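Heads up: the structure comes next, in structure tokens.
The values are calculated or read from the model by the stated rules, or taken from the named source; none is laboratory data. If you're wondering where the values come from, they're calculated on a predicted model, not measured in any experiment. In this analysis, Cβ positions are derived from the backbone assuming ideal geometry, glycine residues included, and neighbour counts consider all displayed protein chains. With ligands, DNA and RNA removed, areas are computed over all heavy atoms of the protein, side chains included. Shrake-Rupley method; radii C 1.70, N 1.55, O 1.52, S 1.80 Å.
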Amino acid sequence: MTNSDLPDWLIPPPEGFQAEDLDHLPDLPPHTELIDGSLVLASPRKDFHTLMLYLLEDGLRRTAPENLRVRREMSVVLGPRQRPEPDISVLRAGALRGLDTTAYQAADVVLAVEVVSPESEERKRKPSLYAEAGIPHFWLVENAEARPTVNVYELDPATRNYVLSGTYQDRLHLSAPFDIEIDLTRIDDL
């Protein structure tokens, strides 16, 4: 395949793509992200990934206070060449700008959640980008021995790195960023 056989949107400009380019590139596949100026295309998802999104989204919506909103698979602008798409984001309600919104700003994100999928196992960059952008809470969800495992991280403001604050398997019970109670064993009932 030559460059002339590729769609125009697949060939980056010399300086790389910019965050706002994602809104103007025609026919982008769903869940295309921008990492370090390069387009990242999502691979097919496993059932574990989809079920965890349902479970966590439901639990977060049930427990989130009125000043926060939960969004699934919406991109977040972290910088001029960074626009990843967390699997789930918890945002300040004031960040909502209408139904035509295609991305949120990092300053409005309270929690970013990533469920590990085959392509994300090899790409470890997103958590460091979230931390550098100042997102205070991050969860990394893994399938460990056929059980959901949620690794909970909090931002260390001095180093701008995440620090592991807990690992949860059967029940997620947290007080930050708000009181959260999610029965992770419910994945078996979905």
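The accessible surface of the stretch 53-155, taken with every protein chain in place and a 1.4 Å probe, is 48 percent carbon and sulfur.
Send over a whole-number figure in Å² for the accessible area per residue of the stretch 26-92, probe 1.4 Å.
Working: 3010 Å² over 67 residues.
Solvent-accessible surface per residue comes out at 45 Å².
Considering only Ala107, Pro26, Leu184, the residue lying farthest towards the positive end of the dipole of the chain is Ala107, judged by Cα position with unit charges set on Cβ.
For n ≥ 4 DSSP H runs only, could you compute -39500 (n - 2.57) per run for the chain, divide by its residues and tell me the 222 nm figure to the nearest 500?
-4500 deg cm²/dmol
Rounded to the nearest 10 degrees, the angle from helix 47-63 to the longest Cα principal axis of the chain is 60 degrees.
Could you tell me whether the stretch 51-145 comes out rounded, prolate or oblate from its Cα gyration tensor? Rule is a ≥ b ≥ c as square roots of the eigenvalues, rounded for a/c under 1.5, then prolate if a/b exceeds b/c, otherwise oblate. Spell out each step's value before the answer.
On the way: a/c = 1.79, a/b = 1.15, b/c = 1.56.
Oblate, because a/c is 1.5 or more while a/b does not exceed b/c.
Using R₀ = 25 Å, calculate the FRET efficiency as 1/(1 + (r/R₀)^6) where r is the Cβ-Cβ separation of Asp47 and Lys124; round to 0.05. Rounded to the nearest 0.05, the efficiency is 0.60.
Over all Cα atoms in the chain, the spread is summed up by Rg and Dmax: 16.9, 54 Å. Contact order for the chain, expressed relative to its length and based on alpha carbon pairs under 8 Å spaced 6+ residues apart, stands at 16 percent.
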